[in-house]
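The structure appears below as structure tokens.
The values are calculated or read from the model by the stated rules, or taken from the named source; none is laboratory data. Note that the structure is predicted; figures quoted are calculated from it, not measured. A quick note on method: Cβ atoms are made from the backbone with ideal geometry, for glycine too, and the neighbour counts reach across all protein chains shown.
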Amino acid sequence: MKRWLVMLFVLCFMFSSTATAEDEYNWIMGGEKVDLGNIATIDLDTELVFLNGNDTQKMAAEYGDPVSGLEIGSIYPMDENQNWAVIFEYEETGHINDDEKADIDAKALLKSYKKGTEEANKERQPGDRFYVTGWDIEPFYDDKTHNLTWSLLLEDENKEPFLNYNTRILTREGTISTILITDPQNRETDKKIVNEKIMSMLQVKAGEKYEDFNESTDKVAEYGLTALILGGAGLAVAKKAGLMAALIIFVKKFGILAVAGIGALFGLVKKKKKNAAKSIDNTINE
């Protein structure tokens, strides 16, 4: 009972030591089905909590993190010893043809990411620069689930490593992005939790699934899996500007910069979550 009370109070006070805008967040406790926008649902595990798209965007904005406007929800663990978060976005890209599934060139993609990041770093201030060091997981596509997955290893200027583990779920006319925010040391453990308690519980709604595509009426994307890995719609101009130029434009505006911002947000969440738990635990002991 004590542990439950601690966690309940943490949900009320996390992200701030005093009552601020977080009081307006509509936290949903686990044990019920939640909507990811109008595109999917998740049967939320009892050990997890959920924020809808509007609250996810509001929280990101409050803590100075870039907001794409595509956020449809986020999930966090109840266990104070787990330090991860999952952010969901949905983009109506058009139906993405998966005919490149056997031709994903991980080596070429990594080279593009590195060079694009180096160019973007030229315009960043000291302290804001970061570097792509390699693949944590090379891109791969599951044609049964229509999931595209990859994970990049990155580091900041102090050589501190971090990563972003990405899954893109292809749907009838768009993609659901699931971004696991964690660190390399805990990635395997956290990935297992996310796969078992979140991804296996995620269901694309009827009529919106990849196989529901109707070529006579539905919009089709102008790019495929390779461009989706590099940045999706941001690379649609590649035919005109060249792949590398398009990548640089995209990274500067949306790409890895957004990932780094989310990582910074999660660091703040982690710190405040622990502080809140400690403070409330002390109060209950008294």
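A compact table of results
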{"item": "Close pairs from segment 69-82: first on the phi > 0 side of the Ramachandran plot, partner buried (at least 22 other Cβ atoms within 10 Å of the Cβ) and of a type in the set (A, V, I, L, M, F, W, C), Cβ under 7 Å, at least 6 apart", "result": "Gly73/Leu36; Gly73/Phe50; Gly73/Leu51; Gly73/Phe88"}
{"item": "Condition broken by Ala120, with the remaining ones in (1) loosely packed, with under 15 Cβ neighbours inside 10 Å; (2) of a type in the set (Gly, Ala, Ser); (3) in contact (Cβ under 8 Å) with a residue 24 or more places away in the chain satisfied", "result": "(1)"}
{"item": "Search result, residues across segment 101-137 that are assigned to a helix (DSSP H, G or I) and under 20 Å from Lys159 (Cα atoms)", "result": "Leu110, Lys111, Tyr113, Lys114, Lys115, Gly116, Thr117, Glu118, Glu119, Ala120, Asn121"}
{"item": "Of residues in segment 40-54 being in contact with an Asp or Glu (Cβ under 8 Å, 6 or more places away or on another chain) and without any contact (Cβ under 8 Å) to a residue 40 or more places away in the chain, the one surrounded by the fewest Cβ atoms within 10 Å (Cβ to Cβ)", "result": "Gly53"}
{"item": "Scan of segment 41-87 for residues that are outside any loop (DSSP other than H, G, I, E, B) and of a type in the set (S, T, N, Q), ordered by number", "result": "Thr41, Asn52, Asn54, Thr56, Gln57, Ser74"}
{"item": "Unmet requirement for Glu211, which otherwise passes all of (1) under 21 Å from the mean Cα position of the chain (by Cα); (2) at pLDDT 50 or above; (3) among the charged types (D, E, K, R)", "result": "(1)"}
{"item": "Residue check, Gly31 closer than 27 Å to Asn186 by Cα, in a strand (DSSP E or B), at pLDDT 90 or above and not acidic (Asp, Glu)", "result": "no"}
{"item": "Residue match in segment 86-96 (condition: without any contact (Cβ under 8 Å) to a residue 40 or more places away in the chain, buried (at least 19 other Cβ atoms within 10 Å of the Cβ), within 20 Å of Thr175 (Cα to Cα) and of a type in the set (Ser, Thr, Tyr))", "result": "no"}
{"item": "Scope segment 201-233; condition in a loop (DSSP other than H, G, I, E, B) and of a type in the set (Phe, Trp, Tyr); matching residues", "result": "Phe213, Tyr223"}
{"item": "Residue that is surrounded by the fewest Cβ atoms within 10 Å (Cβ to Cβ) [pool: residues in segment 178-192 that are in contact with a helix residue (DSSP H, G or I) (Cβ under 9 Å, 6 or more places away or on another chain) and under 30 Å from Asp212 (Cβ atoms)]", "result": "Ile179"}
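Conditions (1) within 17 Å of the chain's Cα centre (by Cα); (2) more than 28 Å from Glu188 (Cβ to Cβ), marked per residue:
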position: Ala61; (1), (2): yes, yes
position: Ser68; (1), (2): yes, no
position: Gly73; (1), (2): yes, no
position: Pro77; (1), (2): yes, no
position: Asn81; (1), (2): no, no
position: Trp84; (1), (2): yes, no
position: Phe88; (1), (2): yes, no
position: His95; (1), (2): no, yes
position: Asp98; (1), (2): no, no
